[in-house]
Structures are given as C-alpha cells and as structure tokens.
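Working notes, beginning with the structure itself.
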Amino acid sequence: MSAATLEQEKTVASQPPSSRAFSTFERMVAWRYLRSRRKEAFISVIAGFSFIGIMLGVATLIIVMAVMNGFRTELISRILGINGHMIVQTTDGPLDNYADLATKFSGIQGVTMAIPMIEGQTLASGPSGAGTGALVRGVRADDLTKMKAIADHVTAGDLVGYAAGTGVLVGKRMAEQLGITAGGTITLVSPEGDITPMGVNPRVKSYTVSGVFELGMSEYDASIIFMPLEEAQLYFNAPGIAQSIELFVTNPDLVDDLRAPVEAAAAGRQVFLTDWRDRNKTFFSALSVERNVMFMILTLIVLVAALNIVSGLIMLVKDKGRDIAILRTMGATSGAIMRIFFMTGAAIGIVGTFAGVLLGVVVCLNIESIRQFFSWLSGETLFNPELYFLSQLPADMNPGETISVVAMAIGLSFLATIFPAWRASRLDPVQALRYE
C-alpha cells in the first residue's frame, strides 16, 4: 500500500467504527485490491479471466437462448401461417358440403378463417427437364387472398391468373430449381390419373405459373404448389369434394376450447379433429429438449468462471495475509474483513454479468448482419437455409429468460465469494505476522 492509503486506513480504523464510515473504508480497500500492481499481476490475470469468463458465459447464454426462441417463433409463425391451427375431416363419407361447413365454422367466435382444401403429391418439372417432388394444395382464390403469409409474399407475378382458375403459385426455391419464372409453364405428373382398360395412367398436365411466393422457410418454398380448388379437384379426380377444412384461430394455444363448438357446428356430421400441436408434436418437443439442454450446458461456462473467482480470491487472501493482520490489529473486525473480500469477488461477478448482458444484446440486435459478415469472411454459407429451414438467422430475446440468466450469474458469483471471504475473516493476525 502507498503511505497515503495506509495513513488513511489507520485514521479510519482508529475511530469508532460507525457503520457509514466503516462501509466507506471497506469499499476503499476492496477497490484497492481490485487494482493490479506489478507483484500482483498473476492474481489480476486470474481476476481478468474470471471477468471475461462470466461476461462470455452470460453473453453466450443470452445469444443462444434468443436464437432458439427466435427459431421457434419463426417456425411457428410460418408453419401456422400456411397450415391451419385445427384440421376438420369427416369420417362418415366424402366432404361434399365443405362450402356450408366452412361458412358455419367461420361464424364460431375465435375462428378467423375456415378454408376447404385438397392435397396431393405430384412430380413437378420445368422447361429445362429438371424435376422435383411437390405437394399440390387446392385452395379457393378468395381463401388464398386471406392467407397473408402467402398473398403478401408473392415476389414475382400476381394472383390474377390464379383467381381466373388458369394459373398456379409455386415457391421461390422450387422455381429456381426448375428454372421457372412467373408466366412460365410447369408440368405436373400425378400417379392417380385416368382409368383405362390398360390400368391407371399417370395424369400429366401443364399449368401457367401465375406467381412465385417466398415464405422464407426453405422446406415450403421448395415443395409447395398452390392450385385453384376446382382445378385441383379435377386434377386429383375428386370433383365436388374437399379432403379437409383447415381452421385458423385467434389464439393457437386455445384450440382445445374450440373443439366442442366445431363439433356442434358440424350439424350432425361425424368429424375428426386434429390441431397444429398434434401434427408438429415431435418437432416442437425436440426443439424444447434441445433448448433446455443447451441452457444447462452453457451454464457450465458461468460456473467455471465463478470457480475462477474462488481460486483468485483464495490466492488474494494468501497474498494479503499481512495486510489483513495489520487491519485486524488496527481495529477492523472479522466481519469487515469478510465484507471487503466479498465485495472484491462480487464486483467481478456483477460487472462481468452486466458486461455480458450488454454484449449479448448487441449481438442479438445485429445477429443477421454478423452472420452475413462471417459468411463473407469464410466464403461459405453459415446457417444454410437448406439445413435450417429459415433463410435468416432469427433472435428473439425473452425478458424473463434474460433476467433469469442475470440472477443465476450474480447468484453463482456471490456464492463463489463466500468461502474465500470467510477464510479471510478467520485469519489469525498473530499467525499471519509471525510467518511474514
């Protein structure tokens, strides 16, 4: 210690230890121990690594959890933007009164849309001869206009040809793969074709591409074709029949509350109801498990950093044994010594935690720009949409989760300081001065 600092400590220690003065003295000594000197460089390095470890651990936790949340939110919004929240199918015969049922279902409180639909698998090919599997969805033109996830994301062409019943909509990735543009022609081959004396011949028919849509979800952009419902009924040999009616609701999490009203509105027809959770249960369960496991694994980073605080403080206590003994002989209580080292370690944890929060927020707000930069730097596509379904890297910070991460990091930091601070308070000044 410098002469001025030591003299100040002697003056404070010789006075009656009022709580306010003593608190100032404790903070002053704790701050002095946080500043590095040449002979304490190794201890300062450990403290620095502890600070960096907590900062990176907290930032990593916040970034990973935000990306996982964004990934889930984007998937749900896009999956539910193109798929109904509840699917109604009849079990007592063909769904030939789909128009009346759709009108009744639309009148149920909480239901925003009821869309009759027919689906079928086909092989799609373009002028270049390239082919790919496709899922054709037959939807009425008015209903497609109401599906904002599609109608608002037509990147080329328009819905005029679709509304006239002569055109289809294809996803952007499929159009690129087949070499098709708006106004071009796509050929569809269905195995469920015409029945002839020689058997069933595949049905081959060409359609004009009225428009190209892009949902931003590569799986859908590369596999789905929208076709007018009447044309789809003819193409799949199901005239006047729909396979199902998909209901879009105000709150997808409350679809169970609509089961009874939907069954009542079916007017005596036996219906089979499934919802979006049933159709995507495995997928979203896997996301939830992965998210929880990642949280537990990344928490170990913060734990390791907290253990670095323990080792750093223990070495600091050992190095400052003579100082502690002098402070005790000058009147400092064991509680004061404990609070000094507690504040020293806690300061590393608190500052590191909030620095990590700041770093995590900055990265989350610029996550897509950072991804593009590293893609440009490496010359490779990071977060390939063909593998991760989404064309952009999402990040959605949850305030509750962020507060939990902060509380966990600060709590671990406080726990890490207890033992070294207690050990410092129990140091015998006589023994410490004897071995100096």
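The values are calculated or read from the model by the stated rules, or taken from the named source; none is laboratory data. If you're wondering where the values come from, they're calculated on a predicted model, not measured in any experiment. Methodologically, a virtual Cβ is constructed for each residue, glycine included, from the backbone with ideal geometry; neighbour enumeration extends over all protein chains shown.
Considering only residues that are charged (D, E, K, R) and touching a strand residue (DSSP E or B) at 6+ places or on another chain (Cβ under 7 Å), look in the stretch 54-111 and name the one that is farthest from Arg291 (Cα to Cα). Please lay out each step first, then the result.
Of the stretch 54-111, the ones charged (D, E, K, R) are 72, 74, 78, 92, 96, 100, 104.
Next, only the ones that are touching a strand residue (DSSP E or B) at 6+ places or on another chain (Cβ under 7 Å) stay: 74, 78.
Values: Glu74: 15, Arg78: 20 Å.
Looking at the filtered set, the residue picked out is Arg78.
For the stretch 65-96, give me the residue count where each residue is surrounded by 17 or more Cβ atoms within 10 Å (Cβ to Cβ) and farther than 30 Å from Val406 by Cβ.
12
Please work out if Phe226 is buried (at least 19 other Cβ atoms within 10 Å of the Cβ), under 20 Å from Pro116 (Cα atoms) and in contact (Cβ under 8 Å) with a residue 40 or more places away in the chain.
Judged against the criteria, Phe226 is a match.
State the number of residues belonging to the stretch 96-114 that are of a type in the set (Phe, Trp, Tyr) and farther than 20 Å from Glu230 by Cβ.
1
Return the residues of the stretch 264-278 that are touching a helix residue (DSSP H, G or I) at 6+ places or on another chain (Cβ under 9 Å) and part of a helix (DSSP H, G or I); say none if nothing qualifies.
Ala265, Trp276, Arg277
Give the residue, chosen from Gln109, Gln89, Gln121, that is outside any strand (DSSP E or B) and more than 19 Å from Gly211 (Cα to Cα).
Being outside any strand (DSSP E or B) and more than 19 Å from Gly211 (Cα to Cα) holds for just one of Gln109, Gln89, Gln121, which is Gln109.
From the residues in the stretch 195-209 that are of a type outside the set (A, V, I, L, M, F, W, C) and surrounded by 12 or more Cβ atoms within 10 Å (Cβ to Cβ), which one is modelled with the lowest pLDDT?
Result: Pro202.
Which residues, taken from the stretch 242-267, are surrounded by 16 or more Cβ atoms within 10 Å (Cβ to Cβ) and within 12 Å of Gln89 (Cα to Cα)?
Result: Ala242, Gln243, Ser244, Ile245, Glu246, Leu247, Val262, Ala266.
Among residues belonging to the stretch 221-276 that are in contact with an Asp or Glu (Cβ under 7 Å, 6 or more places away or on another chain) and not charged (D, E, K, R), point out the one that is farthest from Asp158 (Cα to Cα). It would help to see each step written out before you state the result.
First, the residues of the stretch 221-276 that are in contact with an Asp or Glu (Cβ under 7 Å, 6 or more places away or on another chain): 221, 236-237, 240-241, 243, 255, 269-271.
So of that shortlist, the ones also not charged (D, E, K, R) come out as 236-237, 240-241, 243, 255, 270-271.
Numbers: Phe236: 25, Asn237: 27, Gly240: 27, Ile241: 27, Gln243: 27, Val255: 33, Gln270: 38, Val271: 36 Å.
If we take residues in the stretch 221-276 being in contact with an Asp or Glu (Cβ under 7 Å, 6 or more places away or on another chain) and not charged (D, E, K, R), then Gln270 is farthest from Asp158 (Cα to Cα).
Could you pull out the residue among Leu390, Leu359, Leu412 that is at pLDDT below 80 and hydrophobic (A, V, I, L, M, F, W, C)?
None of the other options fit; the residue is Leu390.
Considering only the stretch 362-373, state which residues are under 15 Å from the mean Cα position of the chain (by Cα), surrounded by fewer than 17 Cβ atoms within 10 Å (Cβ to Cβ) and of a type outside the set (S, T, N, Q).
Matches in the stretch 362-373: Leu365, Glu368.
Please verify whether Gly331 is modelled with pLDDT under 80 and either in contact with a strand residue (DSSP E or B) (Cβ under 9 Å, 6 or more places away or on another chain) or at positive phi (or both), treating the condition exactly as stated.
Judged against the criteria, Gly331 is a match.
Only one of these conditions is not met by Gly131: (1) in contact with a Ser or Thr (Cβ under 7 Å, 6 or more places away or on another chain); (2) at pLDDT 85 or above. Which number is it?
Failed condition: (2).
Report, by residue number, each residue of the stretch 213-223 that is over 21 Å from Pro202 (Cα atoms) and surrounded by fewer than 20 Cβ atoms within 10 Å (Cβ to Cβ). I'd like the intermediate steps shown before the answer.
Taking the stretch 213-223 and keeping what is over 21 Å from Pro202 (Cα atoms), we get 213-222.
Result: Glu214, Gly216, Glu219.
For the list (1) surrounded by 19 or more Cβ atoms within 10 Å (Cβ to Cβ); (2) assigned by TED's automatic domain parsing to the domain that holds Pro239, I need the number of the one condition that Ile62 fails.
(2)
Considering only residues that are surrounded by 14 or more Cβ atoms within 10 Å (Cβ to Cβ) and among the β-branched types (Val, Ile, Thr), which ones fall in the stretch 162-180?
Within the stretch 162-180, Val168, Val170, Ile180 meet the criteria.
Return only the number of the condition from (1) closer than 25 Å to Gly356 by Cα; (2) more than 26 Å from the chain's Cα centre (by Cα) that Leu273 does not satisfy.
Tallying (1) closer than 25 Å to Gly356 by Cα; (2) more than 26 Å from the chain's Cα centre (by Cα), Leu273 fails exactly one: (1).
Considering Gly138, Gly165, Gly161, which residue is in contact (Cβ under 8 Å) with a residue 60 or more places away in the chain, within 19 Å of Val212 (Cβ to Cβ), over 30 Å from the mean Cα position of the chain (by Cα) and outside any strand (DSSP E or B)?
Exactly one residue qualifies, and that residue is Gly165.
Identify, by number, the condition in (1) in contact with a Ser or Thr (Cβ under 8 Å, 6 or more places away or on another chain); (2) surrounded by 12 or more Cβ atoms within 10 Å (Cβ to Cβ) that Gln270 doesn't meet.
If we test Gln270 against (1) in contact with a Ser or Thr (Cβ under 8 Å, 6 or more places away or on another chain); (2) surrounded by 12 or more Cβ atoms within 10 Å (Cβ to Cβ), just (2) comes out false.
Quick check on this structure: which one of Val351, Val317, Val293 is touching a residue at least 60 places away in the same chain (Cβ under 8 Å) and over 18 Å from Arg423 (Cα atoms)?
Every option except Val351 fails the conditions.
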